[in-house]
Amino acid sequence: MSSAVDPTLAIPGTVVSALTRMFVRLGFEHAFGVSGGAMAATWDALSASPIAVHHFRHEGGAAFAAIEAGFASGRPTLVFTTTGPGLTNALTGILAARAEGARVLVVSAYTSAAGRGRCAIQETSRDTLPPSFYESDGRLFDFAAVVEEPSRLAEIERALDQGFARWGGFIAHLALDTAAQRSMAEPAPPCAFPTGAPPPDVSACSEALRDGPFALWVGFGARDAADEVRAFARRMQAPVLCSPRAKGIFPEDDPLFVGVTGLAGHASVFRYLEEHAPRRILVLGSRLGEATSFWDPRFVRPGGFVHVDVDPAVPGTAYPDAPTLAVVGDVGATLDALLASALPEPAKTVDLPRPTITPLARRADGPVRPEALMDAVQQHVVDGSDSVLLAESGNSFLWTTHRLRFAQAHRYRISTGFGAMGHAAAGVVGAALGRRGRAVAVVGDGALLMTNEINSAVKDGARALWIVLNDARYGMCAQGMAALGFTADADFPRVDFAAFARAQGAGAVRVDCEPQLDEALAAAMAADGPFVVDVRIDRASLAPASRRNAALCAEPTFPLGSGH
Ligand SMILES: Cc1ncc(C[n+]2csc(CCOP(=O)(O)OP(=O)(O)O)c2C)c(N)n1
């Protein structure tokens, strides 16, 4: 499968070499994927380009890594797959990319006309997969094209250029016909960059904020506006809540910070709403989905929401009955405009309820309580480095969201809405490669068994660190089932992840008890390449999942006999 097999692969002027030059012009620096016969020419052309090609062990892992490399580098990122199982393996990661608002281009292989309908190996086309794979219908892809002949390349470049230049997520797909990949292509014209959006009109917004105290509710969409959020909150002395994904955008140690809402959030949020009775909430870049709000009616204040978002479809969606003033625009630009407008007097400075996280006194014997592990992660990773920290769907992201405190944006990554296990376990490799530095993932043992790209990290020398909550079970499920009164078995055989890591060439250490935590994390943070810290976790500590379990218990059920 090397370029020596067919000399045409190396010839400049083929569709794949033209495409690769287009990807470079569009700002791509990293490509993650798994090869296959149907995409041999594309893989070869990518490898000959300035784009760093990361050849992974699973397309899902590659897609998770691409999402996180994109967030870490600020660039759109490419995922490449072969036909059939290559593309379908990537599907979970593609949907995760949509949910996260990532900027990802999927490049897959498409069976050429000669093989279609004739039982070609891994036959893949509009006839074998649902239409959404190949349509720009916004279900899977914002833009999709089947490249069967070179004449469409200019039009495709314009669409990709505009999509990736706008703020917010954009997921695209180019399905490359296997025969077309090696056809000769016309040179593509240079692309035209769109101009920036005009500043939003904030007069109604500043007017609405005049008639009483208000709070800010910060979401992940405000991540590039941390300075503006801080300036605005301090100028107005406005209390600040944040979604789980927005931790750190406003410093969690600031006296105006009231707490995290939603999944694994803080009780101080509701104490604040009760005791301080704000008139309305100014939402900055959040969809207010279930993981952020649980659609709790206590957030609906008498004056409702003023909701700032780049996507006009977002305001009013989570709380359709609440009064909502929509401001469609970028969070930073909107706050800048608000700061320049006639704003009301700042609120009086008062003592606000704040999250209380009491450090745990370490105990001599094992296993390790997750609270003690989080205290050590706070010290060695959050406060002691500038690493980005990802946390996995499972008890991991409950503990990290509830117990860790961040003071900067772009330090914390979780996927709450889609919540695919394996996202952090594989995404950490992309984050490390994308930022050309260290990235740390707190992951469950079940997730690491589902998807791990330790081997890919070793191959590419990624400074990825996995901190494994090793409890020999799907802990979140075990806890949730008990809360629902069910008894199904969530255990699985214990794995020695230190041995698992070493067997693939990564560094590793095992932690059996709390006194070993400091030495282990110090060694892990000093390591020059991939490293696994395998922590034997005490199953007795209950993760802060009560809101999620209460929501599951409260779901309406159907009476017997109604299902016809
Ligand atoms: C791909 C996928 N499958 C299933 C789930 C449902 N799920 C959420 S957490 C969880 C268990 C996680 O167990 P583990 O990774 O061991 O972490 P722990 O909760 O024990 O720390 C499962 C099965 C999911 N989020 N993603």
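A short reminder: the numbers here are calculations on the coordinates, not readings from a lab. Please read all numbers here as calculations on a predicted model, not as lab measurements. Don't worry about glycine lacking a Cβ; one is built from the backbone with ideal geometry, like all the others, and counts go over all protein chains shown.
Relative to the longest principal axis of the chain, what angle (0 to 90°, nearest 10) does the C-alpha long axis of helix 226-236 take?
20
Order these by the 10 Å Cβ neighbour count, fewest first: W399, W167, W43.
Going from least to most buried by this count: W167, W399, W43.
For a test of the definition: using alpha carbon positions, the gyration tensor, and the 1.5 limit on a/c, classify the range 271-357 as rounded, prolate or oblate.
oblate
Rounded to a whole number of µm²/s, how large is the Stokes-Einstein D of the range 189-313 at 4 °C and 1.567 mPa s, given Rh as the Kirkwood radius over C-alpha pairs?
In µm²/s, the coefficient rounds to 85.
Add -39500 (n - 2.57) for each DSSP H run of 4 or more in the chain, then divide by its residues: what number comes out at 222 nm, to the nearest 500 deg cm²/dmol?
-9000 deg cm²/dmol
Could you order the peptides 419-425, 123-129, 171-177, 159-165 from most to least packed, using the average number of other C-beta atoms within 10 Å per residue?
419-425, 171-177, 159-165, 123-129
I'd like the orientation of helix 517-526 relative to the chain: the angle between its Cα long axis and the longest Cα principal axis, in ° from 0 to 90, rounded to 10.
Orientation of helix 517-526: about 40 degrees from the principal axis.
What is the fewest-to-most order of E290, E207, E555 by other Cβ atoms lying within 10 Å of their Cβ?
E555, E207, E290
Which whole-number value in Å³ per residue fits the convex hull of the alpha carbons of the range 29-130?
Here the figure is 89 Å³ per residue.
Once amide H atoms are built 1.01 Å from N in the peptide plane, which residues 5 or more positions from V368, or in another chain, come under 5 Å H to H?
Counting only residues 5 or more places away or on other chains, the set is R536, I537, D538.
Can you classify the range 371-436 as rounded, prolate or oblate using the Cα gyration tensor, where a ≥ b ≥ c are the square roots of its eigenvalues, rounded means a/c under 1.5, and otherwise it's prolate if a/b beats b/c and oblate if not?
In terms of gyration-tensor shape, oblate.
List the trypsin sites (Lys or Arg not before Pro) within the range 196-266 that DSSP assigns to loop and that have no more than 12 neighbouring Cβ atoms inside 10 Å.
Of the trypsin sites (Lys or Arg not before Pro), the ones in loops of the range 196-266 whose Cβ has at most 12 other Cβ atoms within 10 Å are R210.
Arranged by the count of other C-beta atoms within 10 angstrom, fewest first, what order do C205, C513, C119 take?
Listing C205, C513, C119 from fewest to most nearby Cβ atoms yields C119, C513, C205.
For a quick check of your reading of the filter: which trypsin sites (Lys or Arg not before Pro) in the range 295-372 sit in a DSSP loop and have no more than 10 other Cβ atoms within 10 Å?
Answer by residue number: K348.
Per the Kirkwood definition applied to all pairs of different Cα atoms, how many angstroms is the hydrodynamic radius of the range 412-564?
After inverting the pairwise mean of 1/r, the radius is 17.0 Å.
Going by the alpha-carbon gyration tensor, a ≥ b ≥ c the square roots of its eigenvalues, is the chain rounded (a/c under 1.5) or, if a/c is not under 1.5, prolate (a/b greater than b/c) versus oblate?
Cα axes put the chain in the oblate bin.
Using only Cα atoms and rounding to the nearest 10 degrees, what angle (0 to 90) does helix 15-25 make with the longest principal axis of the chain?
Its long axis makes an angle of about 30 degrees.
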